[in-house]
Each structure stands twice: as structure tokens, then as C-alpha cells.
Amino acid sequence: MNVLSIQSAVAYGHVGNAAAQPALHRLGHTVWRVDTVVFSNHPGHGKFAGQVRPAAEVGAILQGLADLGVSRDCAAVLSGYLGEAGTAGVVAEAVTQVKRANPQAVYLLDPVMGDAGRVYVRDGVPLAMAGTLLPLADIVAPNAFELSLLADRPVSDMATAIAAARVLLARSVGLGPSLVLATGLRLEGGRVATLAVTQTEAHAVTAPWIDRPIFGTGDLFGALFLGHWLEAPGDAVRALRLAASGMAEAVAATDAAQASELALIPNLQRICHPPALLPAERV
């Protein structure tokens, strides 16, 4: 299927579209790639070069795609890091055009804003994520910190994560996400959880916590989940298990390489088609 992916781009490493595109390709989907920033590398390395693409430029590329008349062939939109708040408006317009042409299309919003208690995007981006893009999303995939920002309440364990997710779901009945994916939730005992929460159910997959910075994990998870979801729309537990199991493969390979950049390409087959699936527990 065709996926419109609107995210960051780096020359070195695998974050944003540099993580999503290889994974979606391996899963058999075609990616229409639109980059919101073009950087040499992830800023977490301490220095980088490049620039933010102005909202008008991103919008022109998106409009160029719409002018081709291909929106009806788009099965999904995936958006992530925004270089500036104004880009949310052009992403919203693109999502609206796609859904008008193909009402079955799904929009997965990865509300990239920050992590570990720190916001690292430009001023105005969190508000644009919450006010402009969240109401259009079918699926939203925040990490634990981003979930706390969106729900305006603390998230520290499974119970508080589920409660925060249901705040978003209750706030957006008929307009906004029907599925919240909460990622990177640290648990006691050296485990990390990923949750799939609806208004009536919640399922969790847990894996060992690797205590090292690894860039691009959220970007890769969003692409894996969406890619598997498109194979069986509506089966959130299947997509959760496949995506979380693929992430466990990616994180283990990256840790073995003692790297901060995802060991993605050499392990792409195991990441996209994990040999064993982690169990999902209803919580």
C-alpha cells in the first residue's frame, strides 16, 4: 500500500523518515516521503548541520502530490517531527485531502515533542500537535512523556498511562484518535512497556529495558505498527505484538553494537518479521 510519511530526515543514522522508509519498504509498502527538516545527524550527538524546511516548502511538496491526483491511492499518512509549528497546518491539509479522496485511509500521528521530562522541539509545536493534528488522527503514538503533555496529567506506570490515554480518547469521541499507543513506559524490574489503549480495552507488551540512548526508536515503532496494521486493519493486538517484537530485535542488535544509532539495515528482516512474538497481556 502507499504511505505518505511526513517526518525528519538525516544523512547519518536512522531517525524520522530514515527509520520509517526502510521498515515500510521491507513490509511491502510504498513510501511517499516528505521531509520536514534535513539534518546531517540526530541533534543528540551534540552537534549537527542542516536546516528546517519552511512550512510553505513542505506544503508545496504535499500540494504537488495532491495535484497528481494520487490521494485516492494513499492508504495511510504517518507524521512525526515538525521543524516549526506552522508545518502542522500543511500536514493537516494533506491529511484532509487524503481522507476526502480515500475515506478508508488511516492517519497515525507520532507527536514528537520530547522525552525524559524535556521538550526538545521549537516553541508552538506542542500546541500545534495537540490542537491541529491530534483531532485528525486515527492512531496516536506518544511516548510516556508526550502522553503526559497531551493529557495534562502525570504518567508513571501502566495505570496512569491507561488513564491518560483514555483522557485523550474521551476528549476526542467522533473527532480524533480511537487508539492510543503509549511507548517507552519504564516499569519496575528493568522492563519497558508498550500499550495499545482503546475506550474499552488495553493491552501491554513488555521487554527488557536497555539503559543507553538509542535514537529513532519511536520513529521506527510507528512505522512498524502502521505497516503491520495495514496488513490487518483493526487488529491492534497483532500489530502491537509484531511492532514491539521488532523493536526488541532492533534494540538488542543496537545494544550489542554498543551504538546510539539503530542497527537497522543489517537486521531489517528480523525487525520487520520477528522470529518470535512477545506476548500481549490485557491490562
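The values are calculated or read from the model by the stated rules, or taken from the named source; none is laboratory data. Just so it is clear, the structure is predicted and the values come from calculations on it, not from any experiment. Glycine gets a Cβ as well: all are built from the backbone with ideal geometry, and neighbour counts include every protein chain shown. Ligands, DNA and RNA are excluded from the accessible area calculation, which covers all protein heavy atoms including side chains. Shrake-Rupley method; radii C 1.70, N 1.55, O 1.52, S 1.80 Å.
Out of region 217-247, which residues are over 15 Å from the mean Cα position of the chain (by Cα), in a helix (DSSP H, G or I) and more than 21 Å from residue 21 (Cβ to Cβ)?
The answer is 237, 238, 241.
Give region 7-21 a look and list any residue that's open to solvent by 30 Å² or more (accessible area, probe 1.4 Å) and of a type outside the set (Ser, Thr, Tyr), or say none.
Passing the criteria: 11, 14, 21.
Report whether or not residue 182 is crowded, with 23+ Cβ neighbours inside 10 Å and in contact (Cβ under 8 Å) with a residue 60 or more places away in the chain.
The answer is no for residue 182.
So which residues in region 205-242 are out of contact with any helix residue (DSSP H, G or I) (no Cβ under 6 Å at 6 or more places or on another chain), buried (at least 19 other Cβ atoms within 10 Å of the Cβ) and touching a residue at least 60 places away in the same chain (Cβ under 8 Å), if there are any at all?
Within region 205-242, 206, 218, 222, 226, 230 qualify.
Of the numbered conditions (1) part of a helix (DSSP H, G or I); (2) closer than 24 Å to residue 4 by Cβ; (3) open to solvent by less than 40 Å² (accessible area, probe 1.4 Å), residue 127 fails exactly one; give the number of that condition.
Status for residue 127: all satisfied but (3).
Which residues, counting only those in region 31-72, are assigned to a helix (DSSP H, G or I), out of contact with any Gly (no Cβ under 9 Å at 6 or more places or on another chain), open to solvent by less than 50 Å² (accessible area, probe 1.4 Å) and not small (Gly, Ala, Ser)?
Within region 31-72, 62, 65 qualify.
Kindly establish whether residue 77 is in contact with a strand residue (DSSP E or B) (Cβ under 6 Å, 6 or more places away or on another chain), within 20 Å of residue 236 (Cα to Cα) and open to solvent by 10 Å² or more (accessible area, probe 1.4 Å).
So residue 77 does not fit the description; no.
Quick check on this structure: which one of 105, 92, 88 is within 17 Å of residue 140 (Cβ to Cβ) and in contact with a strand residue (DSSP E or B) (Cβ under 6 Å, 6 or more places away or on another chain)?
Details: 92 fails: in contact with a strand residue (DSSP E or B) (Cβ under 6 Å, 6 or more places away or on another chain); 88 fails: in contact with a strand residue (DSSP E or B) (Cβ under 6 Å, 6 or more places away or on another chain).
Step by step, each of 105, 92, 88 is checked, and only 105 is within 17 Å of residue 140 (Cβ to Cβ) and in contact with a strand residue (DSSP E or B) (Cβ under 6 Å, 6 or more places away or on another chain).
Quick one: how many residues across region 248-282 are among the polar types (S, T, N, Q), open to solvent by 40 Å² or more (accessible area, probe 1.4 Å), on the phi < 0 side of the Ramachandran plot and in a loop (DSSP other than H, G, I, E, B)?
Residues meeting the conditions: 0.
What is the one condition in (1) open to solvent by 40 Å² or more (accessible area, probe 1.4 Å); (2) touching a residue at least 12 places away in the same chain (Cβ under 8 Å) that residue 171 does not satisfy?
Answer for residue 171: the failing condition is (2).
What's the number of the condition residue 183 fails, among (1) β-branched (Val, Ile, Thr); (2) within 25 Å of residue 18 (Cα to Cα); (3) at pLDDT below 95?
(3)
Considering only residues that are in contact with a Leu (Cβ under 8 Å, 6 or more places away or on another chain) and either open to solvent by 20 Å² or more (accessible area, probe 1.4 Å) or aromatic (Phe, Trp, Tyr) (or both), look in region 195-204 and name the one that is farthest from residue 95 (Cα to Cα).
Looking at the filtered set, the residue picked out is 203.
One line per residue, one yes/no per condition, for (1) touching a residue at least 60 places away in the same chain (Cβ under 8 Å); (2) not hydrophobic (A, V, I, L, M, F, W, C):
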residue: 47; (1), (2): no, yes
residue: 60; (1), (2): no, no
residue: 69; (1), (2): no, yes
residue: 74; (1), (2): yes, no
residue: 78; (1), (2): yes, no
residue: 97; (1), (2): no, yes
residue: 101; (1), (2): no, no
residue: 110; (1), (2): yes, yes
